[in-house]
Amino acid sequence: MKIVVWRQWPAGLTALVLAICMAGYVAMYPSAAWAYATDKPLPIYCVDTDQKTCAISFDAAWGNEDTQMLIDILEEYQVKATFFVVGDWVNKYPESVKALSDAGHEIMSHSNHHDHYNNLSAEQIQADLQACNEQIEAITGVSPTLIRCPYGEYDDHVINAIRDYGMEPIQWNIDSWDWMGISASEITQRITERMEPGSIVLFHNAADHTPEALPSILEMMLEQGYTVVPISKLIISGEYNVDYTIDHTGRQFAAEKAS
């Protein structure tokens, strides 16, 4: 791509033209965009993969009316998911945490009290992580390795505090919007239109229409050849001695792909 810049243009105008040209280049060649890694600490939103693999996740912070129904639906389709649970929810519904674990689903952290992590110090964040992890491990026997920040909210110091504690922060690249109370058909359409290999889908365990939408979504995934796995099986993990990079969109990919 050739860019011609007139010398007499003001510097600000030149920068604007260059930005527009680069945006056009990315639009024409989107596969190039992910190759640009960032030094800014970001959580994992999705994963670069050649396999038709994806993950679905549920945040559990308040209600519990539908948890068993979700377990039954996932069992029917032989799908394992990741549930991010708040410590207060664990304390209130320990039997549901055990049921999720017994059914083979991942139980990961969604903080201990669903506080705004941006307002906490690194020490407070890590103390919160420890408190939630201890509650989960007491029931499941497994300490969480992943955390979804409350409200999906984070900044640099939050991400650094989480990683310094030895956990991996996880976001999502497909929001079901089930928390907005939209219909089951709208939830299904949002996800089916956005699904791609390496996607992480966000649901909630107590949203109005999630149990109604979930079967059709799982059927679509399976019919299109997707394998649905827990998030820990989707992301690139250091335990496999594979370095990774996260680009400016939050896409995780093996470090060698950046070269």
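The values are calculated or read from the model by the stated rules, or taken from the named source; none is laboratory data. The model shown is predicted, which means the values in this text are computed figures rather than measured ones. Note that we place each Cβ from the backbone using ideal geometry, even for glycine, and neighbour counts take in every protein chain shown. Remember, those area values only see protein heavy atoms, side chains included, never the ligands or the DNA or RNA. Shrake-Rupley method; radii C 1.70, N 1.55, O 1.52, S 1.80 Å.
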E219 vs. criteria free of Cβ contacts under 8 Å to residues at least 40 places away in the same chain and open to solvent by 30 Å² or more (accessible area, probe 1.4 Å): no
Evaluation of E196 against (1) surrounded by 15 or more Cβ atoms within 10 Å (Cβ to Cβ); (2) under 16 Å from I56 (Cβ atoms) (one fails), failing number: (1)
Search result, residues across the stretch 149-176 that are open to solvent by 40 Å² or more (accessible area, probe 1.4 Å), in a loop (DSSP other than H, G, I, E, B) and touching a strand residue (DSSP E or B) at 6+ places or on another chain (Cβ under 9 Å): Y154, W172, N173
Inter-residue pairs, beta-carbon under 8 Å, first within 11 Å of G63 (Cα to Cα) and touching a residue at least 12 places away in the same chain (Cβ under 8 Å) and in the stretch 200-212, second open to solvent by 10 Å² or more (accessible area, probe 1.4 Å) and aromatic (F, W, Y), 6+ apart: H204/W179; A206/W62; A207/W179
Matching residues, the stretch 34-62, being farther than 17 Å from A254 by Cα, modelled with pLDDT of 95 or more and of a type in the set (F, W, Y): F58
Residue that is most open to solvent (accessible area, probe 1.4 Å), among those in the stretch 124-134 that are touching a residue at least 24 places away in the same chain (Cβ under 8 Å) and farther than 13 Å from V86 by Cα: Q126
Residue under evaluation S232, criteria (1) over 17 Å from C54 (Cα atoms); (2) surrounded by fewer than 20 Cβ atoms within 10 Å (Cβ to Cβ), criterion not met: (1)
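Taking the stated definitions as given, is E137 at pLDDT 95 or above and either surrounded by 15 or more Cβ atoms within 10 Å (Cβ to Cβ) or under 24 Å from K40 (Cα atoms) (or both)?
Details: at pLDDT 95 or above: yes; either surrounded by 15 or more Cβ atoms within 10 Å (Cβ to Cβ) or under 24 Å from K40 (Cα atoms) (or both): no.
No; evaluated as a whole, the condition is false for this residue.
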Failed condition for Y45, given (1) touching a Gly at 6+ places or on another chain (Cβ under 8 Å); (2) open to solvent by less than 30 Å² (accessible area, probe 1.4 Å): (2)
Selection count, the stretch 197-245, where residues are among the aliphatic types (A, V, I, L, M) and part of a loop (DSSP other than H, G, I, E, B): 6
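Taking the residues in the stretch 91-107 that are without any contact (Cβ under 8 Å) to a residue 40 or more places away in the chain and among the hydroxyl-bearing types (S, T, Y) as candidates, determine which candidate is least open to solvent (accessible area, probe 1.4 Å).
S96
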